Each structure stands twice: as structure tokens, then as C-alpha cells.
């Protein structure tokens, strides 16, 4: 069984391109060209050079000694938090801006929830001198003011999504509507492994640098490229897709996907899609999503804006349905405690998204000689106010 | 013969009206349909509301959201429509996004449509290849016409393919836009209308998106068989009683 995408754009039964005809020419143009463009030596060269000199890759694989001692196992952190702009998101936006240039596009649109992907997109648009419009839910604009300011400083225009719940899901709808209205000159940089094929595959390939580096870094440190476990948080699922990518078909390596349970999986305020979702269509993809019996998409909740999405990428839906990955739900409280613990034990303040992955250490017992790689997808600067409010710091 | 095919044979330009079921009030669905028929409308698209209507502009989005708040659902809509064929004889089409239909069960949905007397479906986010592989036989079993969209960006090859698998009409989206965003047609649109007319497709075309008054209706139907009005009608419903629907229709047709 393969856990990667097939030639029709599906992971198992999940994926595809469930899009209105108005989007077909854009999506089809991308589908026909993305692999060819990515395979060109000149593309690879520019992508690799920017990842090295601009993003600061390779990101370190750090042996977390004090954390390992506490949990009596061998824990490595993949330091995506040290990337330029503070998270893994920039790996994808660098790739997609180069893609957009080669497709002859002059205008970039993106959606953002917490603002991390918006900032990463605004950053690469500034770098390349391209027009940038970021859609963001009106409510998120209010609660993520520093990132809104960053995007503006980088020259992007931030447009509020005023429909529906006025959060990430609605920002994504607005970006898709913009793309319908601007079918010729615009490229839509989706921020996660979601959306119609080929987006989930393209974004996963750009993020795959994470597991590519883990392989050779671990070989240097442990003498093997294979950890026993790779652990990553999942909202849409781009950092997990990157951390899992080169291990997908290597079943010796166990994969753990960590979802946000919010105030409890069954509290009514949760974003644990695998536990609460059913198969359906969201943003052009057949996948697992949280919905009413009637097929209306419901509002998720998590303290972490980056995990606050009612669906999950089709790759992850397949990893869940096939049993290839273990899915664990972590509440707000568990994540916050884990974030504080990492700060005190290792001197690293994680993004609250990443804190969810660390909370697994309390939920699951690893063997003393297990090698556990946790993807530290982002740094906690953006979440400082949340940590302050939560811990009354 | 399917009512849609019968209607398409009439020697006139057709006016089709779209509205979101359950808006302005939950139980307006049937009175709106009856008033539209009495006013001389040729065909009706009943919108099944969805939480995330990707192809729709602010007017239809807002009416969908309001309809859902009012309590509209697939079951409620089917219940409202159960006796519709006792009073209404023009073609009725249900237009909705794929997820609610998928959750109801595509076959159960199609069967229910046939029981009620629905003639066709428009599902903008159901891809053509998925329809052909998985659902075409079901639609045919229950006598439903599936209507596909084309846009100014759709390639000639794809238009010919869509024409080959259609058996009613082709929904011709007037411009690259979501619903309700255009005001008037320019040379570019007219050239597109003419270009499609010259393709001599086997299925007639009905133009939608950007039609709001007599002028745009006349322009759209100069080369096409008919036109569809959605957002402009929903705006009218927001500000007027259902009894005034005939005024809206009269203004479009004259």
C-alpha cells in the first residue's frame, strides 16, 4: 500500500479536485505544470539556494537532553522554529512564489488564520517584488494584530473576510472567490496541504525538506536515518506532511499526528477532525471534516489559531483511515502546560501549535532507547500574549 | 420527456430565476415558486443553502447563511416541496454544493428529487470526471438532467466535451466572477456570447451571472436561449413582499 498520492490526485479515497468550473483553468494549469517545473534543475537550484541563504536551512536537529531525561527516552527536536519568519510555513511560500513566477503570474493571494502563513507569503512577495493580497477573517485580524502589522510592513494588503464565522475557513473561501474573479494573472498560495489537487501534493513536496533533513541529520547523530517515531501537530497538516513525507512508506517509522482537542474532544469546542469528522468536501478536497448531519461545515475551536480548521489535508485523512498514523487529541490545557515545560527544560518557547505535539510525551510512554523526533514547527513569540493570559505571567 | 427539454423547445427566450430556499423566511419556498410561475418565469433554480458557497458573491452568501439560521436543511426543503407538482408545472432545478448532497447520499437525493418532480440538478463543485465515473448512471435512473457550467476561460475542447455529456442545457457563466458581481456586459462578453453561439452546440445555452434587469437580460439572450437571474432577485426579496414578485419579473421581461 502506498501512502503517497496516486496519479489521479487521491490519497486512497481522499483528495481530488471538487471545484467549480470557474476555477478549472487555473487549477488545471497548475496540475499540468507543477511537477515539470519542480523537476527543472534551475528551479531546484533557486529553491535550495533561498532555503539555505534566506530561510537559514538546514534547520538543526537538536537532541533535547533534559526533556529526554525527564521522559526517559531519546527526543530530538526538528527546529523549524529557527526558520526566517519563525515557522515551517516559509518553506512552502518560497516554493510557491518560484512556481508563480514560472507560471507567469504577477499577483499573489493567500489566506491566513493566525497570520503565520500570511506573513510568510507577504515576505516572499516582498522578496520578489510581487503584489500580495492576504485574506484574513475579521475576527482573526482583531486578535492577531502584530501579524497584521507585519504583513502591512512587508507591503501586503490585508483584506478582511466578513462572511460566515469570519475566521480561517472564511478567509479561504474569500481567497478562492478572488481567484475566480482573477483567473489570468493571479496565483493562490495555499498555506497548508489542503485544497484541490495538486495543492496537497505540491505543498507536501515543498515541506518535504523537513524529513529529508531529518534523515541525514539523524544518520549523523544516531547512525540510522530512521527514528522510531515522528511526532507533529496537525491543523491542515503541512508541517506534519513535511515531517512524515520521506517516512510515509517506511512502516518501521511510526507516525503520530496530534490534533487540537480544544476544551475537550466532545466539549463542542474542539478541532479534533479525525475524532469528530466524517468524509466530505471542503475547499475543493474530499477529506475528513467537521460537519453537521446535513453536511454544513461546522466551526472548530482551539486556543491555537493554526490548528483551528474544520478539515484536515487528504494525506492525513488517508493516514488516519488506513491506520498508518496514530492520531492523538490534545486539549488547550495540556498543550499550554507542555509549552511551558519545554520553555523551562530546554530554553525554547514553542508556538502553541507545536506545544500540542510536545503534550504527547505525557500521554504516551516511549521506550528508553526509542528515538522520537518532534517537529517543532514554530516559535512562540506570536503567542506570548496567550501564554501571558493563560499563566498570568 | 423531461420538462427542461420540453421548455427548451419553446420558441422564446427563457427566463430562469434562482433563489435560496428558506430565505427571507423558512416557509417562503413554495410561495416564491408559485408566484414566479404565475409571473411568467420559465424555469426555477431552487438553491439548497450551504455554509461555504465558494462560487457565490456576498448576496447569495448572505441569503444562504440566513436560510440556514432560519432552519433550512435538505430534509426541510424536500418536505416543503413534497406537493409542489400539484400547483406548479414549469421545470424545477435544485442547485446546491456537493457536500450536503453527498451527506444525504447521492442516490437517495436523486430518488427524492424524482419523487417530488424535480427535473434537474446544478452542482457547481461536482467535477465532471467524478460525475461521469460515479454518478451519471444514478442521475439517469432517476430522470434528472445534470447541468454543467462553462466560463469565458473554458477551452473549446472542454466545451465540446461538456456538450457531448449534457442532455439539457449548458449554464454559460457570463464572466470570470462569482455571482452578483457584474454590472452590465461589455464588448468582451458579447464577443464570448457570439463565439459560443457560433460553435453550434447540441445543447442550448442559458447565461447566468451578472444579469439583473431588462437590459442585461436582452443582451444575454441575444445569442443564447435564455438567462438566469439570482442575486438581483434575492436583493429584491430582501426589500419587497412576495406578492410583488410579478413586478420584478415584469421589469425583466419588458
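The values are calculated or read from the model by the stated rules, or taken from the named source; none is laboratory data. For clarity, every value in this text was computed on a predicted model and none was experimentally measured. Cβ placement follows ideal geometry from the backbone for every residue including glycine, while neighbour counts extend to all protein chains displayed.
Here is how the numbers come out for the structure above:
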item	result
Residue list for segment B:59-75, restricted to those being within 10 Å of residue B:26 (Cα to Cα) and in contact (Cβ under 8 Å) with a residue 40 or more places away in the chain	B:66, B:67, B:68, B:70, B:71, B:72
Qualifying positions in segment B:19-33 - under 15 Å from the mean Cα position of the chain (by Cα) and closer than 15 Å to residue B:50 by Cα	B:19, B:20, B:21
Members of segment A:184-205 that are within 10 Å of another protein chain (Cβ to nearest Cβ), surrounded by fewer than 23 Cβ atoms within 10 Å (Cβ to Cβ) and touching a helix residue (DSSP H, G or I) at 6+ places or on another chain (Cβ under 6 Å)	none
All positions within segment B:121-145 that are part of a loop (DSSP other than H, G, I, E, B), without any contact (Cβ under 8 Å) to a residue 60 or more places away in the chain and within 12 Å of chain A (Cβ to nearest Cβ)	B:123, B:126, B:127
Residue ranges of strands (runs of 3 or more DSSP E) in segment A:1-113 with at least 1 members touching a residue at least 40 places away in the same chain (Cβ under 8 Å) and within 14 Å of chain B (Cβ to nearest Cβ)	A:107-112
Elements of type helices (runs of 4 or more DSSP H) in segment B:177-249, at least 3 residues being closer than 28 Å to residue B:166 by Cα and free of Cβ contacts under 8 Å to residues at least 60 places away in the same chain	B:187-198, B:214-221
Residue B:29 vs. criteria within 14 Å of chain A (Cβ to nearest Cβ), buried (at least 19 other Cβ atoms within 10 Å of the Cβ) and in a helix (DSSP H, G or I)	no
Some residue of segment B:156-163 being surrounded by 14 or more Cβ atoms within 10 Å (Cβ to Cβ), touching a residue at least 40 places away in the same chain (Cβ under 8 Å) and either within 19 Å of the chain's Cα centre (by Cα) or not in a loop (DSSP other than H, G, I, E, B) (or both)	yes
Helices (runs of 4 or more DSSP H) wholly inside segment A:251-347 containing at least 1 residues that are away from chain B (no Cβ under 14 Å), crowded, with 24+ Cβ neighbours inside 10 Å and in contact with a helix residue (DSSP H, G or I) (Cβ under 7 Å, 6 or more places away or on another chain)	A:314-322, A:332-346
Top-ranked residue of segment A:151-172 - restricted to ones that are surrounded by fewer than 24 Cβ atoms within 10 Å (Cβ to Cβ) and part of a helix (DSSP H, G or I), ranked as farthest from the other protein chains (Cβ to nearest Cβ)	A:153
Residue in segment B:47-54 that is closer than 30 Å to residue A:180 by Cα, part of a helix (DSSP H, G or I), at pLDDT below 95 and within 14 Å of chain A (Cβ to nearest Cβ) present	no
Residue in segment A:190-212 that is at pLDDT 95 or above, part of a strand (DSSP E or B) and under 21 Å from residue B:53 (Cβ atoms) present	no
Qualifying residue in segment A:231-248 (condition: touching a residue at least 40 places away in the same chain (Cβ under 8 Å), more than 17 Å from the chain's Cα centre (by Cα) and not in a helix (DSSP H, G or I))	no
Residue selected from segment A:366-393 under the condition in contact with a strand residue (DSSP E or B) (Cβ under 9 Å, 6 or more places away or on another chain), at pLDDT 95 or above and not in a loop (DSSP other than H, G, I, E, B), by the criterion surrounded by the most Cβ atoms within 10 Å (Cβ to Cβ)	A:376
Condition broken by residue B:148, with the remaining ones in (1) within 13 Å of chain A (Cβ to nearest Cβ); (2) without any contact (Cβ under 8 Å) to a residue 40 or more places away in the chain; (3) more than 20 Å from the chain's Cα centre (by Cα) satisfied	(3)
Subset of segment A:174-189 [in a helix (DSSP H, G or I) and over 18 Å from the mean Cα position of the chain (by Cα)]	A:174, A:176, A:177, A:178, A:179, A:180, A:181
Qualifying residues in segment B:76-100 (those that are in a helix (DSSP H, G or I) and closer than 17 Å to residue B:30 by Cα) - the one farthest from the other protein chains (Cβ to nearest Cβ)	B:86
Within segment A:123-147, considering residues that are at pLDDT below 95 and either surrounded by 24 or more Cβ atoms within 10 Å (Cβ to Cβ) or in contact with a helix residue (DSSP H, G or I) (Cβ under 6 Å, 6 or more places away or on another chain) (or both), the one nearest to residue A:379 (Cα to Cα)	A:147
Candidate set from segment B:60-73 (those that are within 11 Å of chain A (Cβ to nearest Cβ) and under 17 Å from the mean Cα position of the chain (by Cα)); member that is nearest to residue B:208 (Cα to Cα)	B:60
